[in-house]
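Each value in this text was obtained by applying a stated rule to the coordinates, not by laboratory testing. Please read all numbers here as calculations on a predicted model, not as lab measurements. Methodologically, a virtual Cβ is constructed for each residue, glycine included, from the backbone with ideal geometry; neighbour enumeration extends over all protein chains shown.
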Amino acid sequence: SSRISAPSYLSALGSPHLSPYLRLSYPEQMVSPRPDLGPLLNAHEPLSLRCPSCWRGALKIVKELAALLRVLPTRSERAGRALTASATSRPSLLVAEDSVVVDARAQVAFPLFKRFQEDFDTAGAITIIGLRNLCMRLAMDISEVDLDRVFTEADRDRDTRLTLAEFTQAIRNVPFFASLAAAMTAALGFRVGRDYDYSRSTCENYAPEDASLARSDPEEDEVRAARVALSSPDYSVARSRWQDSVVRLLTPRSEPQAAPWVVVTLAPPGTLPQAVLEWLTVRGLMPLSGLLRVDAQRFLHCLPELPLYLRRHGAEGRELLREEAELLESLALEVALARRQ
C-alpha cells in the first residue's frame, strides 16, 4: 500500500499552471510546500492508492496537464459557459472524419489481416481468430471478453465475420477499430531499414547525425509548434516527418470548442477506459461527443518496429519504444489543445 500526503505529492509537480483550474483545501496541520502554487486539490486527508504504479501514472498525467493547461481559457473566459451536447440517441465519442478518408483507411488495413488469418483469402472477411492473432502479435492490452464484445458490436449481420463494409462501418463507430485501423495505416507509412539495431531504442536508432537538420516539415506549423513547446528530442528528418503524419492521423480536426474539456482516465492494463466513457455518454451521464483520444499505448501500436521488438525481447521490448510513443502522445495533446478540440 502506498500512502502519500497531499503536500508531498504537490511538491513534486513544480509547476504553477494548475493553480487557476484546481483548488486544494489544506487541513490546518498541513502546510503548503509551494506557496506560489496556491491551493490545488480537495484533499483533507492523506491521498492513498494501493498500487505504486498507479501513483506513477497519476503523477505523470498531472505533470503533463500542468505543462499543457496554459493553452486553455482563463477562469474569466470560462465564466458562464456550460457543457452542451447534441441530443442524439447514440452520441459518438469519436471525432467525425471525412467518409473518403475512412474508406481509404479501411481499404488499406483490411487486406493486412491476411498476415494473421490463414483463411482470409477464402473467407473474404475478418474472423475473431484473425483479430485475436493480430492483437496477440502486437501485445495489445485488451482482454478476450472485451475483444469479443467489440467484434460482436461490429458484426452487424451476426454471421461471425466482418466484411469490408462492416469493417469500414466499425472504423466510423467503434473506437477500438478506429484506433486499430489508424495504427495499421500509420505503421505502413515508414520503412524500417535492414540494418536496424533492435537492441537499442527507437530514439537511439533514429537520432540525427546533424541535430540542426532534424526538424519537421516547415509546412506542418501545428506539430512543429508543439515540438518547440515541449523541447522534444531530435529525430532524423525522415522519422520526424513520419511522426508528424502520425500525430495528424490520430488527431483529426473538428470544430474548435469554446470551452474544451480534458478527460483524464487512469486504468490498469487490459481495460478499455473509452468503453466506460461511451457507456456514460450513451446514458447521458456525461454528455460529451467528438472526443480525441490521446494515449501513449495507441501511438505505441503505430510504430512499425513493434512486432520485431516483441519477437526478440518479449513484452519488455515495448520499453524500447515507450519514449517515442510518449513523445507522440505529448505532441498530440499539444496539437489538440492548441486547436481547442
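Counting Lys and Arg as +1 and Asp and Glu as -1 over every other residue whose Cβ lies under 13 Å from the Cβ of residue 152, the net charge comes to -4.
The residues neighbouring residue 311, those whose beta-carbon lies less than 13 Å from its own, together hold a net charge of +1 under the Lys/Arg +1, Asp/Glu -1 convention. Look at 303, 291 and count the other Cβ atoms within 10 Å of each Cβ; fewest to most, that gives 291, 303. Taking amide H as placed 1.01 Å from N in the peptide plane, the amide H of residue 291 sits under 5 Å from that of 94, 95, each at least 5 places away or on another chain. Ordered by the number of other Cβ atoms lying within 10 Å of each residue's own Cβ, fewest first, 310, 188, 280, 131 fall into the sequence 188, 280, 310, 131. On full extension, the segment bounded by residue 119 and residue 313 gains 66.9 nm, given 0.36 nm per residue less the C-alpha separation. Residues 136, 184, 286 in ascending order of nearby Cβ atoms (within 10 Å, fewest first): 136, 286, 184. Taking other residues whose beta carbon is less than 9 angstrom from the beta carbon of residue 299, and scoring Lys, Arg as +1 and Asp, Glu as -1, yields -3.
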